[in-house]
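Asker: Structure in structure tokens, see below.
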Ligand SMILES: [Zn+2]
């Protein structure tokens, strides 16, 4: 079975390996058993909402507060993805979450870029870019957007808006993202994760080339038509959506109706550790619940490459690596 080679939607902090967390804790003079780490970061079966899901990020955030930690985490993630056979990924993180111990957003970013670059040098089979997340309700967003503009094409490929969708209206961030649009920094926005189709419409109106999750669009024919017409890429994260109860049963996930309507939908992991998943596991669950064929999975990887924030010539090279 085709297991996927492109992941456009995965968060660095939600994808830390247990071994890296253990190492970073030890450097900080702390110890936790593997079981304690798993209990802290893995989303429990009884998770009922996105807000509860986001609590699993506390330990990863605690350990990601130094230059060494950012570099180590980024290297380790790209290394694991290369070993899983991925050819392209866009890893996202919010630099403002890594300033608790006084590190600047820019230092956090530079360290992360270093880690990605070193891993790519060691594993040339994969290419990776970074997306800088502004946070819903965050107070460092202006600086994050400034860094996205400064580092675009130099380790950073685009931007994102993440956090607890719905707690602050998306319009609040309109000026921020219009500024990125003017500077030709591409972005994806988490939208429709919690079921609101209008947020998906707003994201497209705000110039997003992609939307994270997009589940809520299933409730609106006009929003689905808009997604298909504009070929806005939808970054589906099925296992994560089951855990946050955005979708209650895999067979009801909108990835199938989106695909059948010609929407450029893609398969992604969101958070490999918190959601205990891999791209291969996502494919297994989707194939089992909704009967996607290998040809359809490859089509979704093509959608992902076409929606990647890289030059057209680079997309052509990557498309050759899918079959
Ligand atoms: Zn996400």
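Asker: Can you compute the helix-only [θ] at 222 nm over the chain? Use -39500 (n - 2.57) per DSSP H run of at least 4 residues, normalise by all residues, nearest 500 deg cm²/dmol. Before the final figure, lay out each step's value.
Answerer: Numbers: 15 runs with 148 residues, N = 323.
Roughly -13500 deg cm²/dmol at 222 nm, from the helical runs in the chain.
Asker: If you don't mind, another one. Whole-Å semi-axes of segment 190-254's equivalent ellipsoid, largest first, each the root of 5 times a Cα gyration tensor eigenvalue?
Answerer: 19, 11, 10
Asker: Given contacts defined as C-alpha pairs under 8 Å and at least six residues apart, what's the relative contact order of the chain, whole-number percent? Walk me through the numbers before you get to the answer.
Answerer: On the way: 613 pairs, mean separation 66.9, N = 323.
In percent, rounded to a whole number, it is 21.
Asker: With the chain treated as a Gaussian network of Cα nodes joined by springs under 10 Å, which of 103, 135, 272 yields the largest mean-square fluctuation?
Answerer: It is 103.
Asker: Next up: Determine which residues of segment 45-84 fall in the zone a paramagnetic label at residue 30 would reach in this model, i.e. backbone nitrogen under 13 Å from the point 7 Å along Cα→Cβ.
Answerer: Counting only backbone N, you get 57-66.
Asker: Shifting gears a bit: Please find, in a Gaussian network model of the chain (springs between Cα atoms separated by less than 10 Å), the residue of 249, 76, 13 whose mean-square fluctuation is greatest.
Answerer: Result for the chain, Cα springs under 10 Å: 249 fluctuates most.
Asker: Could you calculate the FRET efficiency of residue 323 with residue 293 from 1/(1 + (r/R0)^6), where r is the beta carbon distance between them and R0 is 22 Å, rounded to 0.05? Intermediate values should be presented prior to the final figure.
Answerer: Values: r = 14 Å, r/R0 = 0.65.
It comes out at approximately 0.95.
Asker: May I pose another question? Given 0.36 nm per residue, what is the gain on full extension from residue 314 to residue 260 after removing their alpha carbon distance, in nm?
Answerer: Numbers: separation 54, 0.36 × 54 = 19.44 nm, distance 2.75 nm.
Gain in length upon complete extension: 16.7 nm.
Asker: Quick one: length gained pulling residue 51 to residue 280 fully straight, 0.36 nm per residue minus the C-alpha distance?
Answerer: 79.8 nm
Asker: For the chain, what D do you get in µm² per second when you plug the Kirkwood radius from alpha-carbon pairs into Stokes-Einstein at 37 °C and 0.692 mPa s?
Answerer: Estimated via Stokes-Einstein, D reaches 169 µm²/s.
Asker: Out of 279, 248, 189, any idea which swings most in a Gaussian network model of the chain, alpha carbons joined below 10 Å?
Answerer: 248
Asker: For segment 1-144, compute Rg over Rh where Rg is the Cα radius of gyration and Rh is the Kirkwood radius from the inverse mean 1/r over Cα pairs.
Answerer: That ratio is 0.96, to two decimals.
Asker: How large is log10 of I(q)/I(0) for segment 125-243 at q = 0.18 Å⁻¹ when the intensity is taken from the Debye formula with one equal scatterer per alpha-carbon?
Answerer: The Debye formula, applied to the Cα set alone, gives -0.91.
Asker: In nm, to one decimal, how far is the modelled label at residue 67 from the one at residue 249, with both set 7 Å along Cα→Cβ?
Answerer: Simple spin-label model gives 5.4 nm for this pair.
Asker: Between residue 117 and residue 38, what is the label-point separation in nm under the 7 Å Cα-to-beta-carbon projection?
Answerer: With each label point 7 Å from Cα toward Cβ, the separation is 3.8 nm.
Since every read-out is calculated from the coordinates, none of them should be taken as a lab result. In this text the structure is predicted, and so the values were computed from the model without any measurement. Please note: Cβ atoms are built from the backbone with ideal geometry, for glycine as well, and neighbour counts cover all protein chains shown.
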